[in-house]
Amino acid sequence: MFELFTSMVKEEWRVHSTMFGSLSFALFPVMIFGIAFMGSFLLPLMRTTLPAGNLTLIVHANYLMLGLVVGGFGLLGNEVMNRRFGQASLVAYSARSLPLSEKFIFLNFVIKDTVYYFFLWVLPFGFGYVLASPFTGVPLTGALLLLLTLTLSFLFGLCGVFFLSTVYSRSRPVLWLVLLAVCAGIGGLAAVTGMNPVLFFPPLLLNTAFTWVNFLISCAILALLFGVAIVLFNPESVGSEKMYRDSFAPLMQRFSFLPNPPLAAKDTLDLYRSGSLVGQTIFSFLLPLVVIWFFLSLLSPFFPPHGLLFIVAVTTGVIASTMYTWVTMFDTFGPYACLPVAVSTLITSKLTTFAVLQVIPAIFIMAVTILSGEVAYLIPAVMLGISVSFYAVGIMAWLCGLSPNVLVYDVKVLFVYLILVGVVLAIFTAIAFSNPYFALSSVILVIPTWLLVQKAKVRWDSVDPEGF
Amino acid sequence: MPVVLEAKNLTKRYGEVTAVDTVSLAVEKGSLFGLLGPNGSGKTTMIKMLTGQTRPSSGSATVLGLDVVHDPIGVRGQVGIIPEQETPPSFLTAMEYLEFVAAVRKIPGIEKKADWWFNFLDFADKKNVLCKDLSRGTRQKLMFTQAFIHEPALALIDEPLINFDPIMQDVVKDYLEGYVKKGRTIFISTHILEVAEEICSGFAILHKGKLLHTGPVAELIVRGEHLPSFFLSLVRKDRHV
């Protein structure tokens, strides 16, 4: 049944290429390659302040985080299979009329997504590093090994979250037990060896000293996590009719202070009833950030005093901005097309819900600040994280309107996004490094954010709201 | 009778493809007007343009006196629309969806009105079920309800009977005929010609985006012709051309 897989791959390509052209989609991995290639030339410079091993750690942590962020298939499996692209008839859905099990269709869907992520993100980055190796003095074997271990790092994140999110969708108490067991295992490893447990992360172990045994063990762990997740995946039973009491009217009443109470109430019910408010918070937000915080903490000697806190705050801000995709993923313009609702009204409503969700990153940054004993910098750190998040979402709304999940793969969109976000991150990280209290100046980002949102409304109101 | 819907040289192009090609037509108040055509003839695109869901490439249209290009939200506020594919939001119940529609359209007393519709279309037992779990027929009932719950002066319906069982088709046909008798207007698109002949007072035939004919159904009856045979002969002739 390789045909199903190839049809899904073709379909994914066409969904994106019909949105913004084949060339713009095809150039996406080229840009990632370019970034890695050009970035490789900075390595000799960076090595003067940061040992090579620590650089490797950062890159692996980033790929692990990418895998963690995209791996929540178990959580949203049924939803993405049904409505990811609105009313577009997807192979994943139409294949249900064929003599194929739901699990088999889902397996193909997950593999297709993994392959896409690999070719869009992982391979171009590693390939850029490999091609730059003759010029940067990095041995080719080292560069190839990095490509392999980055792939494994990404897959560990993806399979790990796929497994955990599937357990979550089956039984929440079991998830907590699993997480407890994982934490106990990591703690036990640290206690027994007296070493930092991060150093036992299989891709890092392989990168330090490649052995076939370790490689096979890594592959076996991945296969096990992936296999168990597929077995545990519970396809939505057709014909099930769960009754709900009317929560819309009371919610709307409660949100009467917001600009669009009915839209805010609908978004809230979408997030709550789909299970993604809690699930996404755990798997697409908390878990990746805790992991990156853990990894970054190993580099704290190389940061200026209090630097780690502000790096975590900025990273939290960027990840928190992706919460906009949580609220835009449930519906296309379709359900609103028969109502007197403008695209700009919907953007306002989605951004309002996004703003409410920013309580989560604010609490997270507060927790990090308290746990790291830097309560004195609580307000500047929270201010920096939340300002970055709002600024990044302003750019996202301007560039992608209501379709950030799809349009992010337009190379032009990604390029502009990276430039606009990158410049601001560099400036405000440097400001926070020079004096933690200067991070309060990030409040100024409210001005470009407001302007971007206004531009987003005008821009997307003038575009046909058809399609996605 | 005053004209409530008027299209002048309405055209929609998608790249090289012309979905609707310089179509002009007018619909009078109090009529039940049928836009007929084979699959892919441009009926849905036409309805989307007339309801401000998509912008025409050229030409103009007014609905209830409002320009569909300059005031699409105003148009959608005045009319009732049932789109081609039923798309109530997944995670609202049927009742909550109607409350949502009422809040957006600012319709008072929604509970009473919703209950009347739940009973009329026989789906009261589904009012607390999530929209994603409803059958296609029940979703169509819900979409039908949202289009008429504010009693619009004009309703535009894409394939009104497509997901209904024969009993419900009868109920809906009666409702539509009664609705226009109250002086309101209905614009339907369909390729079920027998239904169009039975309930429509005026009609237009689209083929490959072009308007082949528009006029009253009574005109055909006077000539002793039937709508299905008239439609087939016109479309077949156009195919050969």
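The values are calculated or read from the model by the stated rules, or taken from the named source; none is laboratory data. All of these numbers come straight from a predicted model, not from anything done at the bench. Ideal geometry is used to build each Cβ from the backbone, glycine not excepted, and the neighbour counts take in all protein chains shown.
Here is a check on your reading of the model: is A:Phe200 under 30 Å from B:Lys106 (Cβ atoms), without any contact (Cβ under 8 Å) to a residue 24 or more places away in the chain and exposed (fewer than 15 other Cβ atoms within 10 Å of the Cβ)? So A:Phe200 fails the test. Out of curiosity, is A:Phe283 of a type outside the set (Gly, Ala, Ser) and farther than 27 Å from A:Ile186 by Cβ? Against the criterion (of a type outside the set (Gly, Ala, Ser) and farther than 27 Å from A:Ile186 by Cβ), A:Phe283 does not qualify. Only a single criterion out of (1) within 14 Å of chain B (Cβ to nearest Cβ); (2) outside any helix (DSSP H, G or I) is not satisfied by A:Pro304, namely (1).
Looking for something under 21 Å from the mean Cα position of the chain (by Cα) and modelled with pLDDT of 95 or more - is there at least one such residue anywhere in region B:126-139? No, there is no match, as no residue in region B:126-139 is under 21 Å from the mean Cα position of the chain (by Cα) and modelled with pLDDT of 95 or more.
One residue stands out in region B:89-110 among those that are facing another protein chain (nearest Cβ under 9 Å), surrounded by fewer than 23 Cβ atoms within 10 Å (Cβ to Cβ) and without any contact (Cβ under 8 Å) to a residue 12 or more places away in the chain: the one that is nearest to A:Ala337 (Cα to Cα), namely B:Val104. Working carefully through the options A:Ala439, A:Ala337, find the one that is surrounded by 17 or more Cβ atoms within 10 Å (Cβ to Cβ) and either within 30 Å of B:Lys132 (Cα to Cα) or among the hydroxyl-bearing types (Ser, Thr, Tyr) (or both). Going through A:Ala439, A:Ala337 in turn, just one is surrounded by 17 or more Cβ atoms within 10 Å (Cβ to Cβ) and either within 30 Å of B:Lys132 (Cα to Cα) or among the hydroxyl-bearing types (Ser, Thr, Tyr) (or both): A:Ala337. Within region A:392-402, can one find any residue that is modelled with pLDDT under 95 and not aliphatic (A, V, I, L, M)? Yes, because at least one residue in region A:392-402 is modelled with pLDDT under 95 and not aliphatic (A, V, I, L, M).
If you check A:Thr325, A:Thr369 for being over 20 Å from A:Phe295 (Cα atoms) and more than 14 Å from chain B (Cβ to nearest Cβ), only one passes: A:Thr325. When region B:59-81 is filtered for residues that are buried (at least 19 other Cβ atoms within 10 Å of the Cβ), β-branched (Val, Ile, Thr) and at the interface with chain A (Cβ under 7 Å from one of its Cβ atoms), only B:Ile81 remains. Scanning region B:4-45 for residues that are touching an Asp or Glu at 6+ places or on another chain (Cβ under 6 Å) and aliphatic (A, V, I, L, M) yields a single hit, B:Ala26. Just one residue in the set A:Leu146, A:Leu150, A:Leu123, A:Leu180 is modelled with pLDDT of 85 or more, assigned to a helix (DSSP H, G or I), in the same structural domain as A:Phe41 (by TED's automatic domain parsing) and surrounded by fewer than 17 Cβ atoms within 10 Å (Cβ to Cβ); that residue is A:Leu180. Helices (runs of 4 or more DSSP H) fully within region A:187-286 that include at least 3 residues being modelled with pLDDT of 90 or more and within 14 Å of chain B (Cβ to nearest Cβ): A:248-254, A:261-273.
Taken over region A:132-150, the criterion of being under 24 Å from A:Thr211 (Cα atoms) and either out of contact with any Pro (no Cβ under 8 Å at 6 or more places or on another chain) or without any contact (Cβ under 8 Å) to a residue 40 or more places away in the chain (or both) is satisfied by A:Val138, A:Pro139, A:Leu140, A:Thr141, A:Gly142, A:Ala143, A:Leu144, A:Leu145, A:Leu146, A:Leu147, A:Leu148. Scan region B:9-64 for residues that are touching a residue at least 12 places away in the same chain (Cβ under 8 Å), assigned to a loop (DSSP other than H, G, I, E, B) and more than 29 Å from B:Ser229 (Cα to Cα) and jot them down. Correct list: B:Thr51, B:Gly52, B:Gln53, B:Thr54, B:Arg55, B:Pro56, B:Ser57, B:Leu64.
Looking at the structure I just gave you, is A:Ser169 within 25 Å of A:Trp121 (Cβ to Cβ) and part of a helix (DSSP H, G or I)? It is false that A:Ser169 is within 25 Å of A:Trp121 (Cβ to Cβ) and part of a helix (DSSP H, G or I). Determine whether region B:141-161 contains at least one residue that is in contact with an Asp or Glu (Cβ under 9 Å, 6 or more places away or on another chain), assigned by TED's automatic domain parsing to the domain that holds B:Thr44, in contact (Cβ under 8 Å) with a residue 24 or more places away in the chain and of a type in the set (Val, Ile, Thr). No, region B:141-161 has no match at all. Within region A:330-341, residues that are closer than 11 Å to A:Leu263 by Cβ and at the interface with chain B (Cβ under 7 Å from one of its Cβ atoms) have Cβ atoms under 8 Å from residues that are assigned to a loop (DSSP other than H, G, I, E, B) and modelled with pLDDT under 75 in these pairs: A:Asp331/A:Gly86, counting only partners at least 6 apart in sequence or on another chain. Under the condition of being of a type in the set (D, E, K, R) and away from chain A (no Cβ under 14 Å), the residues counted in region B:34-58 number 1. Checked against the criterion of being at pLDDT below 95, part of a helix (DSSP H, G or I), surrounded by fewer than 13 Cβ atoms within 10 Å (Cβ to Cβ) and not aliphatic (A, V, I, L, M), region A:426-435 has at least one qualifying residue.
Every residue, every condition in (1) within 14 Å of chain A (Cβ to nearest Cβ); (2) buried (at least 16 other Cβ atoms within 10 Å of the Cβ); (3) on the phi < 0 side of the Ramachandran plot, yes or no:
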{"residue": "B:Asp122", "(1), (2), (3)": "no, no, no"}
{"residue": "B:Arg136", "(1), (2), (3)": "yes, no, yes"}
{"residue": "B:Phe148", "(1), (2), (3)": "yes, yes, yes"}
{"residue": "B:Leu154", "(1), (2), (3)": "yes, yes, yes"}
{"residue": "B:Tyr179", "(1), (2), (3)": "no, yes, yes"}
